[in-house]
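What follows is a single structure, written as structure tokens, with notes after it.
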Amino acid sequence: MELKPVIHQHDSLNFEASNALMNVIAFFKGRLLGTMVPLWGIYLIWSSNLFRACGNTINLLYFMAEMILTAVTVFVSYSLVNRIRLIVLTIGRQVSITNEEIAITTFAFNLRFWNKKQPSTLVFKINELKIRKTDNPLRFIRISENFNYRVFELRDKTITAYVIFDYFDALLKEKLTEILVEVTPPELLMPGRLRHY
């Protein structure tokens, strides 16, 4: 995997994720679409079979069964999309660090190709930041047995972001570790209290 170099601009360090992370995010989006298309295909088949079973007429039984089938399909679709969307929108693709702030540009979640959304930038003030090492935020989906990334979770009162540091220049891990030590209370820095990789 080819990592992109750090860019020094004035008083900030700017990191960009390797293309491999973009491929992983694209894989998740593709897998989601690969699940949604068969789901709606099954819905259409069941719906037509139900219509035939009701004598090709729209009666109360057909209407009630169709409403239940539609509600289940919409609920499952919404749950799948929302679960992936909430994670993708918090994974950092670019990180900029200054003395006072960390700005993380996240991935966009564009399933509707006619309505492209721009990535958002989440800004954390270092003196209000909570940072910790955590598990892979995409842990509910596996590509292979070794799919276990190493992640920093950044959080303040209102926003959360994840930085999967194996996809960035090693200097980012060092800088975020320094910030973690700086903002974490000393009693939590004792061995065994923080998770290390």
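The values are calculated or read from the model by the stated rules, or taken from the named source; none is laboratory data. Predicted model, so just to flag it, every value in this text is computed and none were measured. Cβ sites come from the backbone with ideal geometry, for glycine too, and all protein chains shown count toward neighbours. Just so you know, the surface numbers come from the protein's heavy atoms only, side chains and all, with ligands and any DNA or RNA stripped out. Shrake-Rupley method; radii C 1.70, N 1.55, O 1.52, S 1.80 Å.
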Q) (1) open to solvent by less than 60 Å² (accessible area, probe 1.4 Å); (2) in contact (Cβ under 8 Å) with a residue 24 or more places away in the chain: which one isn't true of GLN94, the others all being true? A) (1)
Q | Every pair of residues 6+ apart whose Cβ atoms lie under 7 Å, when the first sits in the stretch 42-63 and is at negative phi while the second is outside any helix (DSSP H, G or I) | A | LEU61/CYS54; TYR62/CYS54
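Which of the residues belonging to the stretch 114-152 are modelled with pLDDT of 60 or more and open to solvent by less than 20 Å² (accessible area, probe 1.4 Å)? It would help to see each step written out before you state the result.
Taking the stretch 114-152 and keeping what is modelled with pLDDT of 60 or more, we get 115-138, 150-152.
Passing the criteria: PHE124, ILE126, LEU129, ILE131, THR134, ASN136, PRO137, LEU138, VAL151, PHE152.
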Q. Hey, among the residues in the stretch 1-54 that are within 22 Å of ILE84 (Cα to Cα), open to solvent by 40 Å² or more (accessible area, probe 1.4 Å) and of a type in the set (Phe, Trp, Tyr), which one's nearest to the chain's Cα centre (by Cα)?
A. PHE27
Q: Could you tell me whether ILE84 is outside any helix (DSSP H, G or I) and within 30 Å of ILE179 (Cα to Cα)?
A: no
Q | All positions within the stretch 1-34 that are without any contact (Cβ under 8 Å) to a residue 24 or more places away in the chain and more than 18 Å from THR90 (Cβ to Cβ) | A | GLU2, ILE7, HIS8, GLN9, HIS10, ASN19, ASN23, GLY30, GLY34
